[in-house]
Amino acid sequence: MVALYYSMDSTTLFESVVYRAELPEHVDKLNKVTNDYLIKARKESKEHIYEREKKYGVKIGDHGMSYHSHGKLHHDKRMADFEMLIRSTARNVLETQGFDMSGYSLNYTEMWVQQFADQGGGHHETHVHWDNHISGFYFLKCSDRTSVPVFHDPRAGRMMLNLPIKDHTKLCYAMERQIIRPKPGTLLMFNSYLPHEFKVDNGIDPFRFIHFNIKATKK
């Protein structure tokens, strides 16, 4: 008996989109600006490193840590052009997605710079940014030897029905997570409900990025 099947048309519903742009022209300036914050963060972390080594009796340095600024980086006047660019781009993303933004303004809930540990082990576990609408990263220092962001399918219900993937090298519907490899100057934006993580960094090359969350509020 010959098995028959029908070739069917398809409609893609409820897409999860990660938007990407290459903006290397901002890297040098923002590295200089963020240096100030990271120098301060390193000084503030010395006590924590000392206490941790004292507790465990092992010289581990900053392994597994990350250095970061406060969450109000967008208030720094030196960031004015960049934060305005990010905010207007976020509005365009939401409008492109079909949202009526005419009665809303976009405001940062937080923006900060982060650099993973010199001795490796820096990472972020899978998470979302609740009570926000657009999140994103702007990468300042990275290479093909540093950590990468990993995005996960937000539909938790499909996890119970997963099947083996035929070819992990090809982006397809079967994928439950996807890596995006950035370079200095890469800007990524996505809806804040999209789960994401950063893989463990090996501490070979510096890994630095600006992270931001934006919320739409009624005017």
Estimated vicinal HN-Hα couplings, Hz - the range 155-162 in sequence order (Karplus 6.51, -1.76, 1.60; Gly, Pro = x) | 8, 4, x, 6, 4, 6, 10, 4
Karplus ³J(HN,Hα) for the range 128-140 (6.51 cos²θ - 1.76 cosθ + 1.60, θ = phi - 60°; Hz, whole; x = Gly/Pro) runs 10, 10, 5, 6, 9, 10, 10, 10, x, 10, 10, 8, 9
How high is the FRET efficiency between Leu171 and Gln97 when r is their beta carbon distance and R₀ equals 30 Å, given to the nearest 0.05?
-> 0.90
The FRET efficiency for Val58 and Arg181, from their Cβ-Cβ distance with R0 = 45 Å and rounded to 0.05, is 0.85
Given charges at Cβ of Lys, Arg, Asp, Glu: the range 42-163 dipole, positive-most of His63, Cys142, Ala156 | His63
Multiply the residue separation of Met159 and Tyr104 by 0.36 nm, subtract the distance between their alpha-carbon atoms, and state the gained length in nm to one decimal.
-> 16.3 nm
At 7 Å along the Cα-to-beta-carbon direction for both Lys141 and Leu85, put a label point, then send me their distance in nm to one decimal.
-> 2.0 nm
What ranking, highest mean first, results for peptides 137-148, 57-68 when packing means the other Cβ atoms within 10 Å averaged over each residue?
-> 137-148, 57-68
Distance in nm between label sites at Lys32 and His48, each 7 Å beyond Cα in the beta-carbon direction?
-> 2.9 nm
Pick out which of Tyr108, Tyr50, Tyr193 has the largest mean-square fluctuation in a Gaussian network model of the chain, springs linking Cα atoms closer than 10 Å.
-> Tyr50
Which of the residue pairs Lys55/Lys77; Lys32/Lys199; Lys141/Lys170; Lys77/Lys215 have a Cα-Cα distance greater than 31 Å in the structure shown?
-> Lys55/Lys77
Which value, in debye to the nearest 20, gives the size of the charge dipole of the range 93-219 about its Cα centre, when Lys and Arg are +1 and Asp and Glu are -1 at the Cβ?
-> 200 debye
Which value, in Å to one decimal place, does the Kirkwood hydrodynamic radius take for the range 32-125 when every pair of different Cα atoms is included?
-> 15.9 Å
Where does the chain land at 222 nm, in deg cm²/dmol rounded to the nearest 500, when only DSSP H runs of n ≥ 4 count, each adding -39500 (n - 2.57), divided by all residues?
-> -7500 deg cm²/dmol
Long-range HN-HN contacts of Ile180 with modeled amide H, under 5 Å | Phe151
Aspartates and glutamates near Lys72 by alpha-carbon distance under 13 Å, same-chain residues fewer than 8 away left out - which ones?
-> Glu83, Glu110
For the chain, modelled as a GNM with alpha-carbon contacts under 10 angstrom, which of Asp100, Asp36, Asp205 fluctuates the most?
-> Asp100
Inter-label distance for Val128 and Thr11, nm, one decimal - labels placed 7 Å from Cα along Cα-to-Cβ | 2.4 nm
Pairwise Cα inverse-distance average, inverted: Kirkwood Rh of the range 129-219 (Å) | 14.9 Å
Which semi-axis lengths, in whole Å and largest first, follow from the square roots of five times the eigenvalues of the Cα gyration tensor of the chain?
-> 34, 25, 15
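Quick note: the coordinates plus some simple rules give every number you see, no bench work behind them. Please read all numbers here as calculations on a predicted model, not as lab measurements. Here the Cβ is made from the backbone with ideal geometry for all residues, glycine too, and neighbour counts use every protein chain on show.
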